[in-house]
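The values are calculated or read from the model by the stated rules, or taken from the named source; none is laboratory data. What you see is a predicted model; the values in this text were computed from it and never measured. So basically every Cβ, Gly included, is an ideal-geometry build from the backbone, and we count neighbours across all protein chains shown. Quick note on the areas: whole protein, heavy atoms, side chains included, nothing else; ligands and nucleic acids left out. Shrake-Rupley method; radii C 1.70, N 1.55, O 1.52, S 1.80 Å.
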Amino acid sequence: MSLMDSIRKSAVGRSIWRTPKRVTDRDRAAAHWGNFFLHIYPVKMRREQISFKWSWFLGVASMVLYGSLVASGVYLMFFYVPSPTTAYGDIIFLQTNVAFGQYIRNIHRWSAHLMVVAVAAHMAKMFYRGAYKPPREFNWLIGVVLLILTLLLSFTGYLLPWDQLAYWAITVGTSMTEFVPVIGDTVRAMLIGGTEVGAQTLLRFYVLHVAVLPSLLIGLIMIHLWRWRKDSMLEVDVEVGNE
Amino acid sequence: MAGAAVWTSWDFLQPVAGQAGGPVATVTPDAVPSETVLEIPSMRGYLTEAEGEIVSLRWKCPHLGCKVPWCESSGQFECPCHGSVFNRVGEYRRGPAARGMDRYEYEIVDGIIVPDTSKIIRGAPVGTLETINEPPKGPECLEATSE
Amino acid sequence: MSDIDPTTSSDQRVLGFVEGTPPVGDRKIPREEDSVMVWPHLLVRHAVVALAVIVFVLLLALFFNAPLREMANPTVTPNPEKAPWYFAALQELLFRFHPLVAGVLVPGAIIVGLVALPFIDRNPDTRQRNRKVAVATFTIFMVVWILLTVIGFAFRGPNWGWVWPWLEWYGEL
């Protein structure tokens, strides 16, 4: 009996794992029903559906990058105050005085760019597979919203270092909203909290970046995965061809 | 209920007064030049004079919000971001901008020009004729660095 | 259903069969030999992908530092002024067209188009050879968009003038 087996058999082990060791197919299936993190997965899938060719695993890659962003982002939050007087200094301090500060910031930055790439590529791949067709129209729609949220998260995060790159990219980016007919000026004022990018803008973007948008994103990802589980298992015949 | 929630959040998140600018004391009218412009960082703009009138310009490009620098050699405003060009009083000459530069309303208080940066007068749209006759007087700053 | 005879299996009798699809839709059960257990086959693949992505990010972060310019200064606009790379295509459009077109109508049309796509393209076939119009349209859009992004990101320098990226580099990440 291995160490893992003896742990599973102990009183504590039996309270954690709801299912027996995965020996038979039935045990393996039970692992899905009995595990919170795995219950989103189906028990069986078509062989084609789990191949690299099928999805390029871009959805998984996006999720992993999101996890990396949350982990590194929380770390960065410990050293950052969203105010024009402190923000830039905090980043300098982080890079020079905090253990692994520069490294974690690099991880956050590159994960962010890669996530935009991964999510966009995921969408393109799904298009070419025709994965937006019935019964999955609604999941495609959620995917579009997820792409927009990803872009907004990246864009709001871009301002936070409060350097020249950040300040002017956000000035130019938010100026586009002024050209929306009728409500443009009001929308921009709401977004940046004034007429110029300033202290209020930094605070608003920070709140959006660390609280509002990530919560929305995680909520929608849950629905996205749930609909994948419910809708996408029906696709097999359509996509492989009706033999 | 959803409507009420949206309306309340919208109302609560309106920019706080004072964040959207306000009156800024600048200089006396005699200090404002009529050949060139005077940059006033505190009001994020320029002061100049045309036909006895003070012109209080906002430095933000009406295209996408870059700061439009004054080009001394050509005597016009030239935006480095996307190449919009305006004359000395901020009227549209060329480029992707859709209107002339904005102006601030101002008052003269105790002999000092006080523009109010929260009161913005939109620039005239493209196609409006220029009110001053000042063709570019020299080489443009834009061309010196491009290509 | 082969092991149960529906006509005798309970106290109910079958009076007849009706042609058509069941209410849940045309749902076919994959053949046994075509299907695999998700645990371990899919989960192992997901774990490998996750590790590969993490290792890639960790290596990237080891060799390239995140950029940080001078502190924000509202009185000086950098030249060139670049938006983040995923907005470079929009910025390139803004240089050429009226902001209402490039900044509002084009992005608006893209979002509306993507959202409405499943309801515009009603062809149920997912094989690419049977949906040439959709695939061609999307591919053209993708190529144009990527081209504009690359131009805006790498081929634009001071005053948004044309530069060759191997001679002068102005891209910002």
For the range B:84-113 the number of residues that are small (Gly, Ala, Ser) and either within 19 Å of residue B:24 (Cα to Cα) or touching a residue at least 60 places away in the same chain (Cβ under 8 Å) (or both) is 1
Per the list (1) assigned to a loop (DSSP other than H, G, I, E, B); (2) open to solvent by less than 80 Å² (accessible area, probe 1.4 Å); (3) without any contact (Cβ under 8 Å) to a residue 60 or more places away in the chain, residue check on residue C:43 breaks on (1)
Residue C:30: passes all of (1) at pLDDT 80 or above; (2) under 29 Å from residue A:54 (Cα atoms); (3) buried (at least 16 other Cβ atoms within 10 Å of the Cβ) but (1)
Residue count, the range A:77-119, condition closer than 25 Å to residue C:62 by Cα and open to solvent by less than 50 Å² (accessible area, probe 1.4 Å), comes to 26
Turns out the helices (runs of 4 or more DSSP H) fully within the range C:71-173 with at least 2 residues that are surrounded by fewer than 17 Cβ atoms within 10 Å (Cβ to Cβ) and within 11 Å of chain A (Cβ to nearest Cβ) are C:106-120, C:132-154
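Go through the range A:105-117 and count every residue that is of a type in the set (A, V, I, L, M) and facing another protein chain (nearest Cβ under 8 Å).
3
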Turns out the helices (runs of 4 or more DSSP H) fully within the range A:24-93 with at least 1 residues that are facing chain C (nearest Cβ under 9 Å), among the acidic types (Asp, Glu) and without any contact (Cβ under 8 Å) to a residue 60 or more places away in the chain are A:25-34
I'd like to check something: does the range A:160-168 contain any residue that is under 30 Å from residue A:229 (Cβ atoms) and of a type outside the set (A, V, I, L, M, F, W, C)?
no
State yes or no: is residue C:66 over 21 Å from the mean Cα position of the chain (by Cα) and open to solvent by less than 20 Å² (accessible area, probe 1.4 Å)?
yes
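Looking at this structure, is residue B:68 in contact with a Gly (Cβ under 9 Å, 6 or more places away or on another chain), of a type in the set (Val, Ile, Thr) and closer than 21 Å to residue A:164 by Cα?
yes
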With criteria (1) within 11 Å of chain A (Cβ to nearest Cβ); (2) more than 16 Å from residue B:102 (Cα to Cα); (3) surrounded by fewer than 21 Cβ atoms within 10 Å (Cβ to Cβ), residue B:36 comes up short on (1)
From the option list A:165, A:147, A:202, single residue qualifying as surrounded by fewer than 22 Cβ atoms within 10 Å (Cβ to Cβ) and either at pLDDT below 95 or in a helix (DSSP H, G or I) (or both) is A:147
Reported set for the range C:15-27 where residues are open to solvent by less than 60 Å² (accessible area, probe 1.4 Å) and either assigned to a helix (DSSP H, G or I) or at pLDDT 60 or above (or both) is C:16
